[in-house]
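Undergrad: Before I ask anything, let me first share the structure, which is written out below as structure tokens.
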Amino acid sequence: MGEAKEQQPPSAPDIPFELVSEEEMAFIEAALSSAAAAFATRSSSAAIIRSSSTSLPVSHSSLSQSSSSSMAIAASSSLANPAIALRKSNDTIIRGCSTRKSGRAGRMSHDMEDMVMSHNKRMKVPKSPYLHYRKGKGLSVTDITATEWCEKQMEFILVRGKPEKTVAMKAGSTRHTELEAEVVKKVDICVQSKEDSWAVKLMNFVFGSKQLLSEGLTRELPVIGLVEGVWIVGVIDEVQMPVTDNEKNLSLIDTKTRSRSTLPSEAQKRNARLQLMCYKCLWDNLVADKFPADLFYEFFRLRPQHILSKDVKEYAGSLRFDVKTLEYLVKYFRNMCSVLPSAHDLLLLRYELQADHSLLEEYHFSYDAHWFESQIQWYLKYWLGQREAGYVGEDETWKCNFCSFSAVCPLMQHQTQEQRNK
């Protein structure tokens with residue numbers, strides 16, 4: 001597996017290191033449900049449309065019926081492009097009950113295997129979580145990162161439902177809303193079909209991309225693509241155009257908040273690296289015109305010739321965007337992708353303190369294609385039913401102390417039994 005060359009990172013403030021905080025763990029659990037909602041079926045969704053004076057290129061991806069969708073118009077903004085330095089991408093991950101390189105299965109004791117088999121029968125775990133829980137919806141990027149964090153916790157959430165949001169979770173969501181509001185203004189639009197909902201999402205991308213080209217920055221940009229034969233959707237926190245003529249690639253940025261002035265653990269950074277690499281993969285596939293429209297219509301059960309609702313067409317028209325059907329909008333979408341640059345291999349994570357939004361760290365790292373491919377293939381094997389959900393490794397069992405499902409998890413029950421036998 002490839003590993004990026006390492007050089008000195010930019011200087012950072014002298015901040016104490018902490019393995020993990022309870023509030024941070026709660027925030028990560030909240031992420032299990034936040035990004036998936038952006039493209040999943042529900043009664044209402046937050047979509048973003050930005051207005052721009054530049055004309056659209058002309059030529060050449062489910063909400064319940066009668067729902068209300070929120071769209072947004074961009075406000076003026078500017079933000080300096082960050083100086084990006086190299087750091088290596090860690091290619092060691094934790095799966096099952098031992099530490100090992102990616103792609104290798106772990107070993108469990110016979111007692112543990114028996115406990116897991118009995119547990120899975122009681123849980124009624126479906127053969128393919130992807131087809132059972134995400135059919136017609138696709139996976140979210142957060143589905144992938146949540147699986148990387150703990151496969152068993154992801155399985156519990158699918159089967160039993162997500163835990164309630166904590167104060168720390170709500171604080172993180174509020175901060176992202178504030179950042180979004182700096183460049184967009186939301187308006188409500190009534191959507192009456194899945195086609196309307198996807199039209200809104202694709203218009204969000206088109207107008208967000210126009211804002212990116214005209215102003216150099218956009219936020220909360222939806223992306224979608226086919227990765228290893230699986231549909232994945234996500235929302236990128238921030239995209240910036242290069243600030244110099246010599247640089248041709250744009251920057252992908254994600255902002256994380258922390259309740260304490262401590263740096264995240266390596267496990268948290270590894271999880272965030274995977275998230276941003278997912279965004280880069282989706283982005284680069286779109287700008288390379290790797291969007292299979294026919295497969296998109298088929299998987300999401302969409303009617304390309306379906307006439308969009310009056311509200312959707314009128315609002316699009318008010319922004320000088322004349323579309324009547326989803327198919328016509330997909331053509332606009334693909335054409336916009338064709339004029340966008342690919343993403344830079346150097347990615348940026350910003351860590352802020354929740355209390356005052358002060359910067360704790362700017363963490364720069366390089367995209368590692370081999371590492372990302374091994375990760376995505378491994379976790380998709382779980383989603384496609386090619387293997388069972390694994391457990392965290394021994395050196396990351398501290399995660400269990402912050403998990404809402406630890407009381408019913410076979411790993412915790414096994415550890416408790418071992419302690420009693422000592």
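Undergrad: Checking Leu360 against (1) closer than 30 Å to Lys248 by Cβ; (2) part of a strand (DSSP E or B), which test does it fail?
TA: Here Leu360 clears every test but (1).
Undergrad: List pairs: first in the range 380-406 and under 22 Å from Lys137 (Cβ atoms), second small (Gly, Ala, Ser) and open to solvent by 50 Å² or more (accessible area, probe 1.4 Å), Cβ under 7 Å, 6+ apart or cross-chain?
TA: none
Undergrad: May I pose another question? Evaluate the range 289-307: report whether one residue or more is under 23 Å from Ala171 (Cα atoms), open to solvent by 30 Å² or more (accessible area, probe 1.4 Å), within 23 Å of the chain's Cα centre (by Cα) and not aromatic (Phe, Trp, Tyr).
TA: No, every residue in the range 289-307 fails to be under 23 Å from Ala171 (Cα atoms), open to solvent by 30 Å² or more (accessible area, probe 1.4 Å), within 23 Å of the chain's Cα centre (by Cα) and not aromatic (Phe, Trp, Tyr).
Undergrad: Okay, next question. Residue under question is Asn249, and the condition is that it be closer than 24 Å to Asp143 by Cα and not acidic (Asp, Glu); does it hold?
TA: It is false that Asn249 is closer than 24 Å to Asp143 by Cα and not acidic (Asp, Glu).
Undergrad: If you go through the range 274-288 one residue at a time, do you hit one that is assigned to a loop (DSSP other than H, G, I, E, B), open to solvent by 20 Å² or more (accessible area, probe 1.4 Å), out of contact with any His (no Cβ under 8 Å at 6 or more places or on another chain) and at pLDDT 95 or above?
TA: yes
Undergrad: Still on this structure: Taking the range 212-231 only, how many residues are open to solvent by 10 Å² or more (accessible area, probe 1.4 Å), more than 16 Å from Phe299 (Cα to Cα) and not in a loop (DSSP other than H, G, I, E, B)?
TA: Residues that pass the stated criteria total 6.
Undergrad: Within the range 196-211, can one find any residue that is open to solvent by 40 Å² or more (accessible area, probe 1.4 Å) and either more than 17 Å from Lys137 (Cβ to Cβ) or under 18 Å from the mean Cα position of the chain (by Cα) (or both)?
TA: So far as the range 196-211 goes, no, none of its residues is open to solvent by 40 Å² or more (accessible area, probe 1.4 Å) and either more than 17 Å from Lys137 (Cβ to Cβ) or under 18 Å from the mean Cα position of the chain (by Cα) (or both).
Undergrad: Moving on. Considering only residues that are modelled with pLDDT of 95 or more and in a loop (DSSP other than H, G, I, E, B), look in the range 319-357 and name the one that is farthest from Ser261 (Cα to Cα).
TA: The qualifying residue farthest from Ser261 (Cα to Cα) is Val339.
Undergrad: Within the range 232-273, take every residue that is farther than 30 Å from Phe402 by Cβ and open to solvent by less than 10 Å² (accessible area, probe 1.4 Å) and give me the one that is nearest to the chain's Cα centre (by Cα).
TA: By that ranking, first place goes to Val239.
Undergrad: Would you point out the residue of the range 374-395, among those that are more than 21 Å from Arg134 (Cβ to Cβ) and surrounded by fewer than 20 Cβ atoms within 10 Å (Cβ to Cβ), that is modelled with the highest pLDDT?
TA: Out of the qualifying residues, it is Ser374.
Undergrad: Checking the conditions here, which among Glu178, Glu164 is under 29 Å from Arg258 (Cα atoms), over 19 Å from the mean Cα position of the chain (by Cα), modelled with pLDDT under 95 and of a type in the set (Asp, Glu)?
TA: Glu164
The values are calculated or read from the model by the stated rules, or taken from the named source; none is laboratory data. Worth saying up front: this structure is predicted, and the values here are computed from it rather than measured. Glycine also receives a Cβ, built like all others from the backbone with ideal geometry; neighbour counts cover every protein chain displayed. Note: accessible area is taken over every heavy atom of the protein model, side chains too, but ligands, DNA and RNA are not part of it. Shrake-Rupley method; radii C 1.70, N 1.55, O 1.52, S 1.80 Å.
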